[in-house]
1. Collect the residues in region 58-68 that are of a type in the set (A, V, I, L, M) and open to solvent by 10 Å² or more (accessible area, probe 1.4 Å), keeping them in residue-number order.
2. With the condition being at pLDDT 95 or above and over 12 Å from the mean Cα position of the chain (by Cα), I'd like the strands (runs of 3 or more DSSP E) fully within region 67-159 carrying at least 1 qualifying residues.
3. Please work out which residue is surrounded by the fewest Cβ atoms within 10 Å (Cβ to Cβ), limiting yourself to region 100-131 and to residues that are of a type in the set (Phe, Trp, Tyr) and within 26 Å of residue 68 (Cα to Cα).
4. Just checking, how many residues over region 141-164 are within 19 Å of residue 42 (Cβ to Cβ) and open to solvent by 90 Å² or more (accessible area, probe 1.4 Å)?
5. Kindly list the number of the only condition in (1) surrounded by fewer than 17 Cβ atoms within 10 Å (Cβ to Cβ); (2) modelled with pLDDT of 95 or more; (3) assigned to a loop (DSSP other than H, G, I, E, B) that fails for residue 55.
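The values are calculated or read from the model by the stated rules, or taken from the named source; none is laboratory data. Note that this is a predicted model, so its numbers are computed, not measured. Note that each Cβ is placed from the backbone with ideal geometry, even for glycine, and that neighbours are counted across all protein chains shown. To get the accessible areas, we keep the full protein, side chains included, count just its heavy atoms, and leave off ligands, DNA and RNA. Shrake-Rupley method; radii C 1.70, N 1.55, O 1.52, S 1.80 Å.
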Amino acid sequence: MSTKIALSSFLKRATVLTSLVLVTLLSFSCKSDDGDSGNNPNEKNIKLTITTNGVVDGDFALFTATGSVAKNPMEGTIWKLNGTVQSNEPIISLESKNFAGGVKTFVIESASPLALAQVGIQFSASDKRSYTVSYKAEVNGKVVKEDNNVTVNKDKEYSHIFSY
């Protein structure tokens, strides 16, 4: 019975992640080129900070971010992770092994102004334990979302999809 529940939970998470990627790819393909080389008022400098405290093996942790560069939607270099440009990686994906072991903080920033960004977050804890998650999103220097020290346990997940 527990294998069936675990498989169902995995499929749910995989569906959420797949949906996030699909929506982003569709938005890339719908981007039109209007030939305007001036400043785009929709350009967004994105900064995301995710901090966990207490994730261990057996917990589920997934953070994904993708986007579209405003001046070149097909650009593959979109993000910096902890200050290091992630060349030719349009998606940042962090999982349980990245978050395990005490307090872990990751800062994800756009390498160039973006037309849009999408973030998928899902954290759940194994039985009889808990940990905390903090998430902050800044767009053009303004905090647009901030959750501090949210407790995750077997009864309470931290699961969101955000578009900026």
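1. Passing the criteria: only 62.
2. Output list reads 79-81, 103-110, 114-124, 130-139, 142-153.
3. 106
4. Number of matching residues: 1.
5. (1)
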